[in-house]
Amino acid sequence: MGTDSDLAAVLQSLHPSYGDTGLIGADPKLCAQALRVDGVAVSVTAGSGLSELLWSTAGASAWLEDLQFTLGQGPALEVAASCRSVLVADLSRVSADRWPVLLPEATALGVGAIFCLPLAIGSACLGTMTLQRTAAGPLPDAGLTDARLVANALISILLESGPQREAFANAADSSAFYRAAVHQASGMVSVQAGISLAQALLRLRAHAYRHGRPVVEVAEDVVARRLAFHNDENGPDIPAGEGTEGP
């Protein structure tokens, strides 16, 4: 059970960090404990359906962020698009057509409740903070207030880290971020298949889901020219060098 001293420790420890912890120099496990949830994840948004996981507890929260990124659906994407919180007290009661592919995957991870808050300045959404619990049930008012305090602190961190965040937004050729390969691969698939970047990202996601792989792994294969895409949207994906070469 989290305490006020846990929350104070989290707020005091938040600062930009450019090592293995990404942009947030605090313990995500302590943050989850302070907010009385089982896990927390923070991602920064960069438009075009792309995001970067900056900070998370291990296990279900990290997997949930990757699932949303791969599938292109889920609360974090809704929050990034609307700049409004999505609070789901019981995942089993969500309509199946809202997140048709994500819901069974999240349930399999043992996620029972999701609370996603925007990290926003006005109508500009800089990122999202997603809290998850195994047990269904609403986040208490005090817990939601504490979550918003942490979210506000994270907004300050992202603003302080402006140059790094801008670098991410333009990081098609940067290896500093976990998902940078997806940016590179989207551009390559766009050229190979003669489609827009948004359509290229959809092709990558569809391939990843069809083969049960994280989209980052598929992107790495494209960047390494182990995989290329036909300019026929109905054609199969083929290894690079077997009829289709990367740009």
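Brief remarks on what is shown
- Residue selected from segment 114-145 under the condition in contact with a Gly (Cβ under 6 Å, 6 or more places away or on another chain) and among the aliphatic types (A, V, I, L, M), by the criterion surrounded by the most Cβ atoms within 10 Å (Cβ to Cβ): 119
- Subset of segment 185-202 [among the small types (Gly, Ala, Ser), touching a strand residue (DSSP E or B) at 6+ places or on another chain (Cβ under 9 Å) and under 15 Å from residue 220 (Cα atoms)]: 200
- Enumerated strands (runs of 3 or more DSSP E) restricted to segment 84-155, each holding at least 2 residues that are of a type in the set (Ser, Thr, Tyr) and at pLDDT 90 or above: 124-133
- Among residues of segment 202-217, those that are touching a Phe, Trp or Tyr at 6+ places or on another chain (Cβ under 9 Å) and either without any contact (Cβ under 8 Å) to a residue 12 or more places away in the chain or assigned to a helix (DSSP H, G or I) (or both), counted: 6
The values are calculated or read from the model by the stated rules, or taken from the named source; none is laboratory data. Predicted model, so just to flag it, every value in this text is computed and none were measured. Neighbour counts are summed over all protein chains in view; Cβ atoms, including those assigned to glycine, are modelled from backbone coordinates with ideal geometry.
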